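A quick write-up on the structure given underneath.
Laboratory data are not the source of any read-out in this text; all were calculated from the coordinates shown. Predicted model, so just to flag it, every value in this text is computed and none were measured. Positions of Cβ are backbone-derived with ideal geometry, glycine not excepted, and every protein chain shown enters the neighbour counts.
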Amino acid sequence: MKTEKIEIRHPDKILFPQAGLTKANIASYYKRIADYMLPHIKDRPLTLRHYPHGIDESGFFHKHAPDHFPEFVERLDVPMKSKGGENMKMASADEAADLVYFAGQNVIELHMGLARKYDLEIPDQIIFDLDPSDNDFEKVRKTAFALKDILDERDLPSFLKTTGSRGVHIHIPIKPEKKFDEVKKAVRKLAETLHDTCPDLTTLESRKKKRGDKVFIDYLRNDYGMTAIAPYSLRALKGAPIATPIDWEELKDRELGPQSYTLENIFRRLPQKADPWKKFYSQAVKLGNFTI
């Protein structure tokens, strides 16, 4: 076991000015949420988003694990497609101590890869990011249920999370058998089917200026080296919202929005709600099930 007695330098440094949340508060959150979060991020390369001066100033992403990270933080050798096969060492997390250490380094957001270290070219899940062009969450809700209908017709499992930002993510666990390029082709066809089902609500246009007020069906994350916000990650936004797994019944509630769950209320929710993602990995399906 790694020691969890990690010294947090400048624990009183405020990272969320409006809420008065300090670096110590962030570290405490990640220590408490570890049992919920780690099953979904362990053995995966992580991209860490640091905010050394708090969320009111621009943060930065760390894909490469810095040399000063302690030895107990496992590094994964990730081949870089754009640099002739050179490897990048990326951080991963398998214990609460890792998350606490990251918080001590002013990390607020954790973004995860869709494949595990055993074969980083073969994903074990698919993701649809329903990204609205405005703050109208009702469009996102309708689009999400339209996608669920399509997936249900094909007997495909679907797991939902709020992003803590503006939209939702829908994940489908798959057996790690096919490379990203083949998976992405199947996902693109599903995205096109969804767009054909609700063309007035959605767009497949990747350029923001051409999306109008529609919900972008972002399937492009299903590619090598791409990441998604991790379940239970904090977001560097006012109010400290959290990317939170929810069930489909909850999405029907018009009171629910993408930032409904925050550091302030997440620990009231968890004891009262069965884990919506408990059966995530046990329900993995073969890519061949994706009949169009």
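Listing for the model above:
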item	result
For the chain: relative contact order, % (alpha-carbon pairs under 8 angstrom, 6 or more apart)	20
Kirkwood Rh (inverse of mean 1/r, distinct Cα pairs), the chain, angstrom	19.7
Integer Hz, Karplus 6.51/-1.76/1.60 couplings in order for segment 50-62, x for Gly and Pro	9, 9, x, 10, x, 6, 7, 10, 4, x, 8, 8, 10
Cross-link reach list, aspartates and glutamates versus LYS42, counting only Cα pairs under 18 Å and skipping chain neighbours closer than eight places	GLU4, GLU71, GLU74, ASP77, ASP94, GLU95, ASP98, GLU109, ASP119, GLU121, ASP124, ASP275
For GLU109, residues with placed amide H under 5 Å, excluding near neighbours	ARG49
Alpha carbon convex hull of segment 115-160, volume per residue in cubic angstrom	101
Environment charge of LYS184, counting only residues whose C-beta is closer than 13 Å and scoring Lys/Arg +1, Asp/Glu -1	0
Phi to ³J(HN,Hα) by Karplus 6.51 cos²θ - 1.76 cosθ + 1.60 over segment 21-31, Hz, x for Gly, Pro	7, 9, 4, 4, 4, 5, 4, 4, 4, 5, 5
Inter-label distance, nm, simple model (7 Å from Cα along the C-beta direction), LYS81/GLU177	2.2
Kirkwood Rh, angstrom, segment 200-263 [1 / mean 1/r, Cα pairs]	14.2
Global form of segment 1-132, assessed from the alpha-carbon gyration tensor, a/c cut-off 1.5	prolate
Residues with amide H under 5 Å from that of ALA65, placed H, sequence gap 5 or more	LYS89, MET90, ALA91
Estimated D of segment 185-235 in µm² per second, where Rh is the Kirkwood radius over Cα pairs and Stokes-Einstein applies at 4 °C, 1.567 mPa s	105
Volume per residue that the Cα convex hull of segment 97-237 spans, once the total is divided by residue count, Å³	122
Ellipticity estimate at 222 nm from DSSP helix runs (n ≥ 4, -39,500 (n - 2.57)) divided over the chain, nearest 500	-7500 deg cm²/dmol
Beta bridges per DSSP with both ends in the chain, % antiparallel, nearest 5	90
Unit charges on C-beta of K, R, D, E only; dipole of the chain, Debye	240
For ILE174, distant residues with modelled amide H under 5 Å away	GLN125, ILE126, VAL285
Cα-based shape type of segment 144-215, given that a ≥ b ≥ c are square roots of the gyration tensor eigenvalues and the cut on a/c is 1.5	prolate
Karplus-derived HN-Hα couplings along segment 222-233 (A = 6.51, B = -1.76, C = 1.60, θ = phi - 60°), whole Hz, x at Gly and Pro	7, 8, 4, x, 7, 9, 9, 4, 6, x, 6, 6
